[in-house]
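FYI, it's all coordinate maths here, none of it is from the lab. Computed from a predicted model, the values in this text were never measured in an experiment. For neighbour counting, all protein chains shown are included, and Cβ atoms are generated from backbone atoms with ideal geometry for every residue, glycine included.
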């Protein structure tokens, strides 16, 4: 089954506590623009009344190169002689915070703020140009650093992107933003919230500076963002309350998914929906796990409570242990992401697919598992529990014939399958489909090597109905 990380998301029953290494919900290394530092913004800090010296606050953004080819983007803020900022560069899985000094003569020294100590930068600012050296503290290797004004959108002027990040010190949020010309629109959601907050505003093309207004479902203004797109995949700045009394830092970096709420079509529960919830665990700086799990609304209280407990359990825990994180580095991070999607959204029986993606091992791996939600009883079950041994034999034959036809071979072992005929085992993974039928999902390694990939076999409602033993067979597989 093709993992649906761009759709909604939750992990199979084992969650992230698996024997195979996991990974973050972080994105691949950000490809940044070629050289180029940005606008300067002076904002006097509040000072006591009386003869006190005003401390200027200066923010500048840069694009440039480390060495001959490693592109980077960086934003620095000066307050007195202190400097702080954020940097992202090719080859990094995440942006890194910077801290150091910024003198009146333009001399800047910066250290990466990491658990084990990062790199060191010494540079000189002349106008909007920055030149100096970048030194790796581990290897002691030193490379030249050069930068100029920020070029935030060197290739994609318009784009749509999912983001993950933090608001304040540790509040985890997800966002989706779309840029069209000078307009930016989208939404964001707290990890444990089921409701979106709408975002709309503008961006300055040359500097990447964006001003966004946040509104709730009723249209009331609930906050504002002032931030800079260092790249289309990295946004950094501040959030403030409508009255400006609360100001919090915000950082958003590229993510693979923005889980959306799904509206269901259930005859006895009009308005029912499934919304994503998120659990997150970071066992070490470069080793983490994210699990999205669905929660249903709009059912009778008992069925809702039972189903939501079962759905979260089926997703599994977002928990990593030290053994799973062994060998994780910035260059080769270990992360695992559990996601979910809806395979059937209408009727009393809803199809839910739980998927897991892991970066560990010789290559990335993925797996999936289907469940059926009975929205009247609150039961969550596997379709395979309704299939007898005799019916499984018929299903094995049907799957073998379909796979031979798909791959245009007489014997599946000719193209690398482990067996022909196919034996799906005692618990084949069966998913309800929107057309009233079902599909058989086969993960990599189940019947063939990884290189052959996952397999899907469609089974019509007429073919599926005789395979299950259930008084609800007509509802599970309606003949239209």
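Key figures for this structure:
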| quantity | calculated |
| --- | --- |
| Zone residues, the range 445-480, relative to residue 268, backbone N less than 16 Å from point 7 Å out along Cα-to-Cβ | 471-476 |
| Theoretical gain in end-to-end length, residue 329 to residue 470 [0.36 nm per residue, Cα-Cα removed] | 45.7 nm |
| Label-reachable residues, the range 329-351, where backbone N falls under 19 Å from a point 7 Å from residue 458's Cα toward its Cβ | 342-346, 351 |
| Pair residue 414, residue 313: separation of 7 Å Cα→Cβ label points (nm) | 4.7 |
| FRET efficiency for residue 222 and residue 97, using Cβ-Cβ distance with R0 set to 35 Å, rounded to 0.05 | 0.80 |
| Helix-only CD estimate at 222 nm, as mean residue ellipticity for the chain, using -39500 (n - 2.57) per DSSP H run (n ≥ 4) | -2500 deg cm²/dmol |
| For the chain: rounded, prolate or oblate by the Cα gyration tensor [a/c cutoff 1.5] | prolate |
| Highest to lowest packing among 371-382, 285-296, 154-165, 211-222, scored as the average C-beta count within 10 Å | 285-296, 371-382, 154-165, 211-222 |
| Prolate/oblate/rounded call for the range 159-255, Cα gyration tensor, a/c under 1.5 rounded | rounded |
| Extended-chain gain in nm, criterion 0.36 nm per residue less alpha-carbon gap, residue 389 and residue 107 | 93.9 nm |
| Prolate/oblate/rounded label for the range 262-381 (Cα gyration tensor, a/c 1.5) | prolate |
| Label-zone membership for the range 415-455, site residue 480, 7 angstrom Cα→C-beta point, backbone N under 20 Å | 431-440 |
| Spin-label pair residue 182/residue 202, simplified geometry with 7 Å Cα→Cβ offset, distance in nm | 0.5 |
